[in-house]
Amino acid sequence: MTSEIINSKDLPKVDPVFGQLSFDNHEQIVFCNDKDTGLKAIIGIHNTVLGPALGGTRMWQYNNEWEALNDVLRLSRGMTFKSAVAGLNLGGGKAVIIGNAKTQKTPELMKKFGEFVHSLSGKYITAEDVGMETSDMDLVRDVTPYVTGISESRGGAGNPSPITAYGVFMGMKAAAKQKYGSDVLEDKRVIVQGIGHVGESLVEHLTNEGAKVVIADINQERLEAVSKKYGATIFTGDNLYGLDADIYAPCALGATVNDATINQLKVDIIAGAANNQLANEVVHGNMLQEKGILYAPDFVVNAGGIINVYAELEGYGKTEIMRKTENIYNTTLEIFNLADSKGITTHAASLEVAKARIETRKKENQQ
Ligand code: NAD
């Protein structure tokens, strides 16, 4: 293919990066391409005021590059606020690799990606996300130290998902305390949508406490295995969102809380692991508030994973990981109280807490 100079009047009217709807003053966006391995990746560094931008790498078959860019912009921004609220000295970043993780992921591609991460000299530190395994991070570790989520045998903190699930469980309990006056989840009917790495572990905590758990997933084999193991009920209807239940835990994909689903939801509480649960943070945050559904903000309750990988950088052990993750209970309650006292949505309250911490640090750094 030859390159040609394009007349600017023929280009799309929206600026490709800085003009994106999801662009929120990101510091740096890095496009990575390698012909030999087929690597096409985008690294998004949203904010590094609190520390290096840490966030996982997602490998996904996006329909087009716009989708991939939009995803990395949204996800990296979310990481900034997640770490800020969790009290970690980390900024927000994320990476996406465009492609099918089952068929296109090779050791060569992962190492090449690691070289791009390395070229940023530690400004971005990677970890696992959807489509990635600990073994992939071990390959990245072969070429750069700027990676977490590596295997325990290589000094890593191990699989973050059970820790994430425990944090979500803590956040859900805080929401129950706020809504019902008690954080006991016994006999509460909880819908867990997505019973993957995090979802299954959440089902375990919930069933141990005596909650009545309904599980939904697109993977029938997993549904049967998890149902058998924990005695959870498999959802068989055709409208999960309209189910009579107390709590909805989105643990699969983002944007499941939207115009269509909010109108159907009968639950009192939403608390789950998925990132970017609200399709539109402002519109859907407000709709939930008006409907009286208490939303435990996703980036507050799903911080267990980042707390776990942060341990690899700071050198703290399991006891401190669990203490920090358990504290999600208190943080969530503080955010509910702030939202109540200011009459704002819980999502807005959590953003306020995060932004205040970043602003304070920015001022300290300038002194
Ligand atoms: P996973 O890939 O192990 O599990 C996702 C599950 O959702 C799979 O079982 C999949 O079959 C199911 N699923 C996909 N589409 C679905 C649909 N339309 N309806 C129902 N089920 C569907 O992922 P995970 O590691 O368990 O993470 C779950 C979510 O939590 C993701 O959004 C992830 O970004 C977020 N998260 C994970 C961690 C972590 O530590 N793993 C940390 C923070 C946030």
So what does log10 I(q)/I(0) come out to for the chain at q = 0.08, 0.09, 0.14 Å⁻¹, using the Debye formula with one equal point on every Cα and no solvent? -0.39, -0.50, -1.22
How much length would be gained if the chain were fully extended between R154 and N89, taking 0.36 nm per residue of separation minus their Cα-Cα distance, in nm to one decimal? 21.1 nm
Which order do the peptides 213-219, 198-204 come out in when sorted by mean C-beta neighbours inside 10 angstrom, highest first? 198-204, 213-219
Ranked highest first by average number of other Cβ atoms within 10 Å, how do 176-189, 49-62 line up? 49-62, 176-189
A225 and E67 label points (each 7 Å along its Cα→Cβ direction) are spaced in nm at 2.7 nm
Length released on extending from A260 to S135, taking residue separation times 0.36 nm less the Cα-Cα span: 41.1 nm
Cα centre as origin, Lys/Arg/Asp/Glu Cβ charges: the stretch 124-202 dipole, Debye: 480 debye
Derived scalar couplings ³J(HN,Hα) [the stretch 230-236; Karplus, 6.51 cos²θ - 1.76 cosθ + 1.60; whole Hz; x for Gly, Pro]: 10, x, 7, 8, 7, 6, 10
Whole-Hz ³J(HN,Hα) from phi, Karplus 6.51 cos²θ - 1.76 cosθ + 1.60, for the stretch 201-215, glycine and proline x: 5, 5, 4, 4, 4, 5, 5, 4, 8, x, 6, 9, 9, 10, 10
Would you pull out the residues with amide H under 5 Å of Q28's amide H, same chain only if 5 or more places away, H placed 1.01 Å from N? I45
What does the helix-only formula give at 222 nm for the chain: each DSSP H stretch with n ≥ 4 adding -39500 (n - 2.57), the total divided by the residues, and the result rounded to the nearest 500 deg cm²/dmol? -13500 deg cm²/dmol
Applying the Karplus parametrisation 6.51 cos²θ - 1.76 cosθ + 1.60 with θ = phi - 60° to the phi angles of the stretch 95-103, what ³J(HN,Hα) value in whole Hz is obtained for each residue in order, glycine and proline being reported as x? 9, 10, 10, 8, x, 8, 5, 7, 10
Angle between the chain longest axis and helix 107-118 axis [Cα atoms, degrees, rounded to 10]: 80 degrees
Viscosity 0.692 mPa s, temperature 37 °C: give me the Stokes-Einstein translational D for the stretch 70-162 in µm²/s, with Rh taken as the Kirkwood radius over C-alpha pairs. 237 µm²/s
With unit charges on the beta carbons (Lys and Arg positive, Asp and Glu negative) and the dipole taken about the Cα centre of the chain, which residue among S119, S151, S83 sits farthest to the positive side? S83
If amide H atoms are built 1.01 Å from N in the plane of the peptide, which residues on other chains or at least 5 residues away come under 5 Å of the amide H of R58? A95, V96, I97
Which angle from 0 to 90°, rounded to the nearest 10, does the C-alpha axis of helix 161-180 make with the longest principal axis of the chain? 40 degrees
In nanometres, the difference between 0.36 nm per residue of separation and the alpha-carbon distance of I218 and D10 is 70.6 nm
Let me know the charge dipole size of the chain about its Cα centre in debye, to the nearest 20, where only the beta-carbon of Lys, Arg (+1) and Asp, Glu (-1) is charged. 480 debye
Note down the nm distance, to one decimal, between modelled labels 7 Å out along Cα→Cβ at E364 and at D24. 2.2 nm
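Quick note: the coordinates plus some simple rules give every number you see, no bench work behind them. All values reported here derive from a predicted model rather than from experimental measurement. No Cβ is skipped: glycine too gets one built from the backbone with ideal geometry, and neighbour counts run over all protein chains shown.
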